[in-house]
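**Q** After the structure tokens below, expect a handful of questions from me.
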Amino acid sequence: MNRALRPLLATTAIFLLAYIAAVLQYPSMLSTRVLGNFLTDNAFLGIAAVGMTFVILSGGIDLSVGAVIGFSTVLIATLIMWAGLHPLIAFAITLAVTAGFGAVMGAAIHYLKVPSFIVTLAGMFLARGGASVLSPDSIGIKHELYTSISRSYILLPGGGRLTVIAMIMLAVFILGIVLAHRTRFGSYVYALGGNETSAALMGVPVARTTILVYTLSSTLAGIAGIVFSLYTSAGYSLSALGVELDAIAAVVIGGTLLTGGYGFVAGTFIGVMLQGLVQTYIVFDGTLSSWWTKIVIGGLLFLFILLQRLVFSAAVPGKKGFGPRKKAFRKS
Amino acid sequence: MAGESHPVLEARGIVKIFGQHRALDGVDFAVRPGEVHALLGENGAGKSTLIKILTGAYQPDGGEIVLDGAPVRFTDPLNAQGSGIGTVYQEVNLLPNRSVAENLFLGRQPTRFGLVQRHAIVTQATALMATYGLDIDVRAELGSYSVAVQQIVAIARAVELSGKVLVLDEPTASLDRNEVEKLFEVIAKLKARGLGIIFITHFLDQVFAVADRVTILRNGQLIGTRDLSTLTATEVVRMMLGKDLAYGHSSLPVAEAAKGPVKVTFTGLGRADRVAPFTLSLHEGEVVGVAGLLGSGRTEMARLMFGVDTADEGDITVAGKPVKIRNPAQAVMAGFGFCPEDRKLDGIFGELSVRENIIIALQAKLGWFRALQRDEQDEIAGRYADDLDIRAANHDMPVKLLSGGNQQKVILARWLANDPTFLILDEPTRGIDVGAHAEIVRTINRLREEGLALLVISSELDEVVAYSNRVVVMRDRQMVAELHGADITPAVIVAAIADNTLTPEPVT
Amino acid sequence: MKRQALTSALLRPQFAALAAVLFINWLLFPGFFTITWQDGRLFGSLIDVLNRGAPVAILAIGVTAVIATKGVDLSVGAVMAISGAVAAVMVSTGTPASIAIPVALLAGLVCGFWNGVLVTYLDIQPIIATLVLMVAGRGLAQLITEGSIVTFSDPLLSYIGTGALLGLPMPVVIALVLMIVTTLAVRRTALGLLIEAVGVNRSAARFAGISSRLLLLMVYSFAGFCAAIAGLIVAGDIRGADANNAGLWLELDAILAVVLGGTSLLGGRFSIPMSVVGALIIQAMNTGILISGFSPQFNLVVKSAVIILILVLQSPQAGQWISRRFTPLTPPPKRSAE
Amino acid sequence: EGLSGKVIGFSQIGSESGWRAAETSVTRAEAERLGVDLKFADAQQKQENQIKALRGFIAQGVDAILIAPVVSTGWEEVLTEAKDAEIPVVLLDRGIDAPEDLYLTSVASDQVKEGRVAGEWLVANVGDKDCKVVELQGTVGSSPAINRKQGFEEGIAAATNISIIRSQTGDFTRSKGKEVMEGFLKAEGGGADICAVYAHNDDMAVGAIQAIKDAGLKPGSDILVVSIDAVPDIFAAMAAGEANATVELTPNMAGPAFEALDAFLNAGTMPEKFIITESKLYTPTDDPQGEYDRRKGLGY
Ligand SMILES: Nc1ncnc2c1ncn2[C@@H]1O[C@H](COP(=O)(O)OP(=O)(O)OP(=O)(O)O)[C@@H](O)[C@H]1O
Ligand SMILES: Nc1ncnc2c1ncn2[C@@H]1O[C@H](COP(=O)(O)OP(=O)(O)OP(=O)(O)O)[C@@H](O)[C@H]1O
Ligand SMILES: [Mg+2]
Ligand SMILES: [Mg+2]
């Protein structure tokens, strides 16, 4: 059907093939338990990656998400354990803080015309630094809400668990998909990524959209932070180190072009799952040394991007089989 | 028709300064409801700048905008759109990555519960496109359609947005005759509805065909606003240029002009899915015109010749010797030059200076180590800028700040500086003012006299006729006809382009 | 004329930023500008800034060229680890340094070339293409050292990291020479212009007959080569190859240096000496934090605050705001076209 | 007999230092010796990867799990899962903040004690003269950095003549250790005012030693060097008279862990909850050259 959906289908196919290959080697990977773990263990990454997808679709990049997650966990922990606030209030405060943080970064990107790479790099330093100023030490969170959330899950046939945080991630993905493809805001994001000048001339509120995109990304990083704190019942300034790179890789593997304007939120979901698959595969293998682990992760990343790239370039939308003019230089 | 009604949109004493340069200097301009108001001027006169100020894309440094008699301040294009001003900015400025439907409705999609109703958009967009005679899949990406279609989509969008004023900045540059006719029909309807229409073009015949009044700018200054009925074409040109146009055509009829030995030959050159194999020889001192409808494969043919796309069959010889051309670098080494049709995407290095833009191909040919020294660069850039009358404050300014026509000349200068033996010009006069247009035609003739072989693709048949020794016609990605001598008239070319039953002459 | 150009160059915001950071350092530590002569070499905090800034400066020299082509290289830190590991393992198993060093440099070149192939031939976007090597490269380095710190006592290799020439620490000399040679190489030949052309508009560069692929391959290889030099310096400095930590996160510092130096991440115009200045700004800041005596928890906060300040001062908007104080013009509110 | 044929998962933090590489290789060697099928998972310094690894081990149905936790908090949920699956878990080299019934035992050093031993050594060796100490901290926020700092401060608390005048992070690495020490030397009158350097690990100490030498001072005598870990290179320095004391952190955490597992799996004996490895102090009188040779082959 829709030609534009082809890369998405391709990514899904790659995931299924990779999963089947893994299962053939380790049959116990085919269980609801492993699938449930995929969702739970990657929930925070998935949520952050949704935000990253919007940022990348708009033609930017957000290097601060990992640090914002880490900062959020510490903020939540200090608010609950030191200030004695109820977790829900702590969550609300955290989301307000992270949203404001994103808004400021977006405003700096738009009004100061500093590239997003640099603004969010500074944001990354600031958020990590802020977290370690709050508390360099990790803080365990003890609260009945935390215990009850971690105890509540839907038991899947076969012993797998669909946890609350997994459901939060799925909800975020669904909302993200709706936001990207079914709202005006979504179309503005794609417009910005397509061509900012044109978008401005067509009446897209560039400033507002840019600020909102980074606000969204930081807020989602804040939610990811909440999820991470639920996941570990703790706040730690060094948590979620380097998650921004995992998120970027997930977005790209999911078929979104880093230059902006093309891609799908749903693709990102597959990207996240693929990364989870790699991790799980390595654990099941259990023979890789520390260095081979890195090499294999890098190699598989390369492989997926390559496959994705090949499928994508075969499926680039175009009239009568030709690529769009914009990409003329890609040919031959 | 226009009557003496009050202006709907007015600019008073507009000043716009870029750096040291006064792009607009106290310009007054007014469009009345129910009139088509042409805005004319040379390349770089300030037309687009005035439009951008009128529609909120730029802020003026002086003067005011008046809408329906009340001063307004548009802080961005969205403001202006909200006030019923729809605009087609110069060069297609929509989103190639989004569907046609979304481009048409961006920012005003019908929503329910905050969700965009995609079905409604698609149906409405399809219907809208049909009124422009286009039966296309509106869900496909805009970028997958030809420039002409994109242009029409831009026009349709602007028309939909314009409740009071429609602004068209060179909307016809990449349209062919039929499409221009369609556009004029639309304009007539809107005019009847009482809209004010601002129309910018370099085609004077179109101005006389649709416009009621004309305002002429020169060098950022207002020269005057007149009723068109009181003017002749020559007078308009004189107002624009400040002098009469010198039509320096060569004396002997072009078709008979002397031509030398064969310079380049393409034998059976083709590529599956792109262009059917064609054979063509060009002689020294010969201009071969290429005619065809939009999308007929003219550009594709040129890309193949220049190695932008690699041919999968056929041979190329230069001066009798076979050469291999699999990429543009090899083409340049073989003495080819190519002014591409998409200036912004394939031609201009926006951030680089005028000087660097001119010498870049020569430098690429010389290689990494034989660097042109600064004074050599200045000398070359100066020479060709003078030859082609490139108007730039200085040659160190970024070329993106030049007006469109001047950018086009910069690319031409780039290839002339390279001293090519075979030059391909793809739509060299698109978007170029009458003065420069004549100059480019003159240049083409001069280059021919200097012994170059030229292949010129153009949609303007008068122009093709004016300089071609031979004309080849493309249709459906095939070279279908070759016209010589007395056959080179607009009428015959049109027949060859259009007539499917016309048995194609064997192409040699 | 020449003098005018020089003063206007010195008036750039980068120099002001560097001066400001150095001034703050002086406030924090009055002995900051003291330089003494000791054991045949210069000694002092200012020299430390140069010496410690050298690896990032060298990375930045390579990365500048990459960024000028509208790319980016995230792998340079990992490549540093690889080259250090190669050299250390070779000399510690008895290979003479005169062979080990060229092999290590070659390893860097190969890594860069690999990135270049991914970017040009497989058409993978630079961030993600180099991310592959960023992840896998450190693994390769650890594979070479088997995870341990391989120490050596080879005099030549240590000389690269800790020696002195004409009183200047060797890393400073290397960075300086590399900067001058590279600047001459790009400005005295057509390379600089061609690189800028490819960065500004790759499609137009192709139409103009520039072999952008060759150029890109070269540029990425060069970045790898520079990273290898930096890796040798870092290894020589501690007389050991620490594959786990050598160059960790330095790619971000290098990119930051390039941007602070005024080269746009969108490609085009670049200046290698200014990137080196950017690296010095970063190092001056790091040294300042070191001698300030603040608790290390505040390191990142201070660093980000300084970066933000510099970026604000350097942004076109601030420039306009300043110039508006002197001229009554409103420049276009629009972003640059495209 | 023993653990032969048992499948045991080992979730390692990563390979951020030579010490950790040694721990990994010692664990592997022990496993091989005992015939254990060791499933190794490297977490690249990320807690989330460790949790994933644990979940993966549980899904695979391993017989037991070893984990070197990257951080002390956040393990309750996954350990509960392991407990539900009746898989015993042994913690290596760091304790965690979770109910004790969630793990079989913890084999670890007492990081606070390590710092205290280092501090006490300094107190014993400077006598009454004034001693200004500079401290090279580990990675900000990591538990060894926090605990070793605390322990050292406890160790010198009683001695009013000893004070820490500067403290910065050297990220546990040699090059940062060297750079930070350089800065300290400059800031403290070329080093004349510094009496001792305390480094949270040996790698930073080795870097600091080089910085001290570059500044024209003699490490080991002009400035005392005391650090923690006891990796081979610090013994080399000690043999050369450039380092004064190190506190051992043994990389062999797996030995006691396997013993405990053996006893538990085969005989149902509950081991002690906290198996604390010795924090042995080494000084130049302890045959540094011999120690160096002994440790060299362990994969540091
Ligand atoms: N953003 C800008 N910065 C600096 N100068 C500019 C800018 N935009 C336009 N100019 C200059 O202002 C003058 C007017 O340009 P404008 O685009 O309005 O010309 P035009 O009349 O539309 O020409 P054309 O017919 O070629 O489109 C030109 O000299 C151009 O170089
Ligand atoms: N660079 C390109 N890459 C991909 N497709 C292209 C490219 N250029 C043109 N096309 C497509 O190929 C078809 C043939 O277009 P081509 O440009 O060759 O026709 P043309 O006769 O030159 O018409 P035009 O006046 O539009 O240039 C068009 O449908 C166009 O969309
Ligand atoms: Mg214009
Ligand atoms: Mg064409």
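The values are calculated or read from the model by the stated rules, or taken from the named source; none is laboratory data. Bear in mind the structure is a predicted one, so any value in this text is a computation, not a measurement. A quick note on method: Cβ atoms are made from the backbone with ideal geometry, for glycine too, and the neighbour counts reach across all protein chains shown. Heads up: the accessible areas ignore ligands, DNA and RNA and are worked out on the full protein's heavy atoms, side chains in. Shrake-Rupley method; radii C 1.70, N 1.55, O 1.52, S 1.80 Å.
Quick grid of which residues meet (1) open to solvent by 30 Å² or more (accessible area, probe 1.4 Å); (2) assigned to a strand (DSSP E or B); (3) within 16 Å of ligand 4 (Cβ to nearest atom); (4) away from every other protein chain (no Cβ under 11 Å):
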| site | (1), (2), (3), (4) |
| --- | --- |
| B:Val27 | no, yes, no, yes |
| B:Leu40 | no, yes, no, yes |
| B:Asn43 | no, no, no, yes |
| B:Leu50 | no, no, no, yes |
| B:Ile53 | no, no, no, no |
| B:Ile65 | no, yes, no, yes |
| B:Pro71 | yes, yes, no, yes |
| B:Gln81 | yes, no, no, no |
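**Q** Further, regarding this structure: Does region B:465-472 contain any residue that is within 13 Å of ligand 2 (Cβ to nearest atom), within 21 Å of the chain's Cα centre (by Cα) and of a type in the set (Gly, Ala, Ser)?
**A** There is no residue in region B:465-472 that is within 13 Å of ligand 2 (Cβ to nearest atom), within 21 Å of the chain's Cα centre (by Cα) and of a type in the set (Gly, Ala, Ser).
**Q** Just one of A:Ile295, A:Ile253 is within 14 Å of chain C (Cβ to nearest Cβ) and either open to solvent by 10 Å² or more (accessible area, probe 1.4 Å) or of a type in the set (Lys, Arg) (or both); which is it?
**A** Numbers: A:Ile253 fails: either open to solvent by 10 Å² or more (accessible area, probe 1.4 Å) or of a type in the set (Lys, Arg) (or both).
Only one candidate qualifies: A:Ile295.
**Q** Still on this structure: Are there helices (runs of 4 or more DSSP H) fully within region D:232-300 with at least 3 residues that are closer than 30 Å to D:Val62 by Cα? List them.
**A** D:254-267
**Q** Right, something else. Would you call C:Thr130 within 14 Å of chain A (Cβ to nearest Cβ), touching a residue at least 12 places away in the same chain (Cβ under 8 Å) and part of a helix (DSSP H, G or I)? Spell out the reasoning first.
**A** Values: within 14 Å of chain A (Cβ to nearest Cβ): yes; touching a residue at least 12 places away in the same chain (Cβ under 8 Å): yes; part of a helix (DSSP H, G or I): yes.
So C:Thr130 fits the description; yes.
**Q** Of everything in region B:284-307, what is assigned to a loop (DSSP other than H, G, I, E, B), more than 10 Å from ligand 2 (Cβ to nearest atom) and small (Gly, Ala, Ser)? Give them in sequence order.
**A** Residues satisfying the conditions are B:Gly285, B:Gly307.
Table: residues versus (1) buried (at least 21 other Cβ atoms within 10 Å of the Cβ); (2) touching a residue at least 60 places away in the same chain (Cβ under 8 Å); (3) away from ligand 3 (no atom under 16 Å from the Cβ).
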| position | (1), (2), (3) |
| --- | --- |
| B:Ala156 | yes, no, yes |
| B:Val167 | yes, yes, no |
| B:Glu185 | no, no, yes |
| B:Leu217 | yes, yes, no |
| B:Arg226 | no, no, yes |
| B:Ser229 | no, no, yes |
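**Q** Can you tell me which residue within region B:295-348, out of those that are surrounded by fewer than 19 Cβ atoms within 10 Å (Cβ to Cβ) and basic (Lys, Arg), is farthest from the other protein chains (Cβ to nearest Cβ)?
**A** Going through the qualifying residues, I end up with B:Lys321.
**Q** Could you check region D:222-231 and list, in sequence order, the residues that are crowded, with 24+ Cβ neighbours inside 10 Å and assigned to a strand (DSSP E or B)?
**A** Answer for region D:222-231, where residues must be crowded, with 24+ Cβ neighbours inside 10 Å and assigned to a strand (DSSP E or B): D:Ile223, D:Val225, D:Val226, D:Ser227, D:Ile228, D:Asp229.
Yes or no, residue by residue, for (1) of a type in the set (S, T, N, Q); (2) away from chain A (no Cβ under 14 Å); (3) farther than 30 Å from C:Leu11 by Cα:
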position	(1), (2), (3)
C:Ser211	yes, no, yes
C:Met218	no, yes, yes
C:Ala230	no, yes, no
C:Gly240	no, yes, yes
C:Val259	no, no, no
C:Leu280	no, yes, no
C:Asn286	yes, no, no
C:Val306	no, no, no
C:Gln314	yes, no, no
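**Q** Separate question: Are any residues in region D:257-300 within 20 Å of D:Thr27 (Cα to Cα), aliphatic (A, V, I, L, M) and away from chain C (no Cβ under 14 Å), and if so, which ones?
**A** The answer is D:Ala257, D:Ala260, D:Leu261, D:Ala263, D:Leu265, D:Ile275, D:Ile276.
**Q** Which condition number in (1) more than 16 Å from ligand 2 (Cβ to nearest atom); (2) more than 10 Å from chain C (Cβ to nearest Cβ); (3) closer than 30 Å to B:Ala148 by Cβ is the one that B:Asp386 fails?
**A** Unmet condition: (3).
**Q** Tell me, yes or no, whether region B:345-353 has at least one residue that is touching a Pro at 6+ places or on another chain (Cβ under 8 Å), within 16 Å of ligand 3 (Cβ to nearest atom) and farther than 30 Å from B:Val236 by Cβ.
**A** Within region B:345-353, one or more residues are touching a Pro at 6+ places or on another chain (Cβ under 8 Å), within 16 Å of ligand 3 (Cβ to nearest atom) and farther than 30 Å from B:Val236 by Cβ.
**Q** How many residues does region C:33-52 contain that are open to solvent by 50 Å² or more (accessible area, probe 1.4 Å) and either without any contact (Cβ under 8 Å) to a residue 40 or more places away in the chain or facing chain D (nearest Cβ under 10 Å) (or both)?
**A** 7
**Q** Right, next: I'm told B:Lys47 meets every condition in (1) within 19 Å of B:Gln90 (Cα to Cα); (2) away from ligand 3 (no atom under 15 Å from the Cβ) except one. Can you identify the failing condition by its number?
**A** (2)
**Q** Restricting to region B:414-432, and then to whatever is under 17 Å from the mean Cα position of the chain (by Cα) and open to solvent by less than 10 Å² (accessible area, probe 1.4 Å), can you tell me which residue is nearest to ligand 4 (Cβ to nearest atom)?
**A** By that ranking, first place goes to B:Asp426.
**Q** For residues in region B:474-496 being within 14 Å of ligand 4 (Cβ to nearest atom) and not in a loop (DSSP other than H, G, I, E, B), which is surrounded by the most Cβ atoms within 10 Å (Cβ to Cβ)?
**A** The selected residue is B:Met474.
**Q** For B:Ala438, which of the numbered conditions (1) assigned by TED's automatic domain parsing to the domain that holds B:Arg271; (2) within 20 Å of the chain's Cα centre (by Cα); (3) away from ligand 4 (no atom under 16 Å from the Cβ); (4) assigned to a loop (DSSP other than H, G, I, E, B) fails to hold?
**A** If we test B:Ala438 against (1) assigned by TED's automatic domain parsing to the domain that holds B:Arg271; (2) within 20 Å of the chain's Cα centre (by Cα); (3) away from ligand 4 (no atom under 16 Å from the Cβ); (4) assigned to a loop (DSSP other than H, G, I, E, B), just (4) comes out false.
**Q** Out of curiosity, is A:Leu238 over 30 Å from D:Glu76 (Cα atoms) and either of a type in the set (A, V, I, L, M, F, W, C) or touching a His at 6+ places or on another chain (Cβ under 7 Å) (or both)?
**A** Against the criterion (over 30 Å from D:Glu76 (Cα atoms) and either of a type in the set (A, V, I, L, M, F, W, C) or touching a His at 6+ places or on another chain (Cβ under 7 Å) (or both)), A:Leu238 does not qualify.
**Q** Restricting attention to region B:391-409, and to residues there that are away from chain C (no Cβ under 13 Å) and open to solvent by less than 70 Å² (accessible area, probe 1.4 Å), which single residue is nearest to ligand 2 (Cβ to nearest atom)?
**A** Within region B:391-409, the first condition is being away from chain C (no Cβ under 13 Å), and the residues that meet it are B:391-395, B:397, B:405-406, B:408-409.
Retained after the next criterion (residues that are open to solvent by less than 70 Å² (accessible area, probe 1.4 Å)): B:392, B:395, B:397, B:405-406, B:408-409.
Numbers: B:Ala392: 27, B:His395: 30, B:Met397: 29, B:Gly405: 18, B:Asn406: 22, B:Gln408: 15, B:Lys409: 20 Å.
It comes out as B:Gln408.
**Q** Shifting gears a bit: Residues that are within 13 Å of ligand 3 (Cβ to nearest atom) and closer than 20 Å to B:Leu168 by Cα: does region B:3-21 have at least one?
**A** No - not one qualifying residue is present in region B:3-21.
**Q** Is there any pair with a first residue in region D:240-258 that is at positive phi and a second that is of a type outside the set (Ser, Thr, Tyr) and open to solvent by 10 Å² or more (accessible area, probe 1.4 Å) whose Cβ atoms are under 8 Å apart and which are 6 or more apart or on different chains, and what are they?
**A** Short answer, once both residue conditions are applied: D:Gly241/D:Gly220; D:Gly241/D:Pro284.
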